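The values are calculated or read from the model by the stated rules, or taken from the named source; none is laboratory data. These numbers were taken from a predicted model, which means no experiment stands behind them. Every residue, glycine among them, receives a Cβ derived from its backbone with ideal geometry; neighbour counts consider all protein chains shown. Each accessible area value is taken on the protein alone, full model and side chains, heavy atoms only, with ligands, DNA and RNA left out. Shrake-Rupley method; radii C 1.70, N 1.55, O 1.52, S 1.80 Å.
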Amino acid sequence: MLDKKVVELLNQQVNKEFYSAYLYLDFSNYYYDEGLDGFGNWYKIQAQEERDHAMLFIQYLQNNGEKVILEAIDKPGVALSSAKAVLGEGLKHEQHVTSLIHAIYDAAYSVKDFRTMQFLDWFVKEQGEEETNADNLVKKFELFGDDPKSLYMLDNELGARVYSAPSLVL
């Protein structure tokens with residue numbers, strides 16, 4: 001059996017990951033509405049990744065005989081004021097998710113729950129990649145976003161992204 005606090009945090013993370021998927025779908029819709037289909041594609045794939053992250057947490061809880069508790073998912077409340085601002089919100093959100101993963105890891109560490117720590121190792125690495133990707137998008141937009149031709153090329157680059165399911169073995 002897992003520690004009660006760790007289970008509570010894992011269940012909360014399930015819902016946070018589903019919220020992340022909602023948020024990124026909102027971002028995707030914003031970009032599609034703005035005619036930036038590549039950016040829309042990029043965030044639609046981000047939403048798929050977040051949904052799969054939630055499913056990994058669910059599977060981990062189930063594999064450990066723990067009850068999964070699904071809560072209502074909040075409506076995204078981020079003001080989508082500009083293409084650049086949305087990218088900045090994406091970076092802030094990834095940094096927030098990293099802090100949530102670290103909090104679960106810290107709780108598992110405090111009770112010597114090495115199995116959960118090992119499970120979370122993949123998410124720690126994944127969050128490093130997520131923050132880097134989000135930061136790179138902000139930087140690229142700052143470099144190219146004001147030039148229509150460059151923005152067109154960046155949008156095409158992001159449109160080429162394809163979904164790849166996570167390869168975490170539970």
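Specify the residue with the greatest mean-square fluctuation among Ala72, Ala83, Ala21, computed from a Gaussian network of the chain linking alpha-carbon atoms under 10 Å apart.
Result for the chain, Cα springs under 10 Å: Ala72 fluctuates most.
Could you work out what % of the accessible surface of the chain is carbon and sulfur, using a 1.4 angstrom probe and leaving DNA, RNA and ligands out of the count? List each step's numbers first, then the result.
Details: 4950 of 9300 Å².
Solvent-exposed carbon and sulfur of the chain make up 53 percent of the total.
Can you give the accessible area per residue of the chain, in Å², using a 1.4 Å probe? Walk me through the numbers before you get to the answer.
Numbers: 9300 Å² over 170 residues.
For the chain, the solvent-accessible area averages 55 Å² per residue.
Determine which lysines satisfy two conditions relative to Lys75: a Cα distance under 18 Å, and not lying fewer than 8 residues away in the same chain.
Of all the lysines, those that pass the test against Lys75 - Cα under 18 Å, at least 8 places apart if same chain - are Lys16, Lys44, Lys92.
Cut-off 10 angstrom, C-alpha nodes, Gaussian network model of the chain. Which of Ile104, Ile69, Ile58 fluctuates the most?
Checking each option, the largest mean-square fluctuation is seen for Ile69.
By its C-alpha gyration tensor, with a ≥ b ≥ c as the square roots of the eigenvalues, how is the chain shaped: rounded for a/c under 1.5, else prolate for a/b larger than b/c, else oblate?
Values: a/c = 2.40, a/b = 2.19, b/c = 1.10.
The shape class here is prolate.
Contour minus end-to-end for Asn156 and Lys4, with contour as 0.36 nm per residue of separation and end-to-end as the Cα-Cα distance? The partial results should precede the final answer.
Working: separation 152, 0.36 × 152 = 54.72 nm, distance 4.67 nm.
50.0 nm is the gain from fully extending Asn156 to Lys4.
If you line up the Cα atoms of the range 124-163 on their principal axes, what length do they span on each, largest first, in Å?
So the three principal-axis extents are 36, 22, 5 Å.
For the pair Asp37 and Asn63, what calculated FRET efficiency results from E = 1/(1 + (r/R0)^6), where r is the Cβ-Cβ distance and R0 = 35 Å, to the nearest 0.05? Kindly include the intermediate steps, with their values, before the conclusion.
Details: r = 38 Å, r/R0 = 1.10.
After rounding to 0.05, the efficiency reads 0.35.
Given the rule -39500 (n - 2.57) for each run of at least 4 DSSP H residues, summed and divided by the residues of the chain, what is its mean residue ellipticity at 222 nm, to the nearest 500 deg cm²/dmol?
Values: 5 runs with 128 residues, N = 170.
Rounded to the nearest 500, the figure is -27000 deg cm²/dmol.
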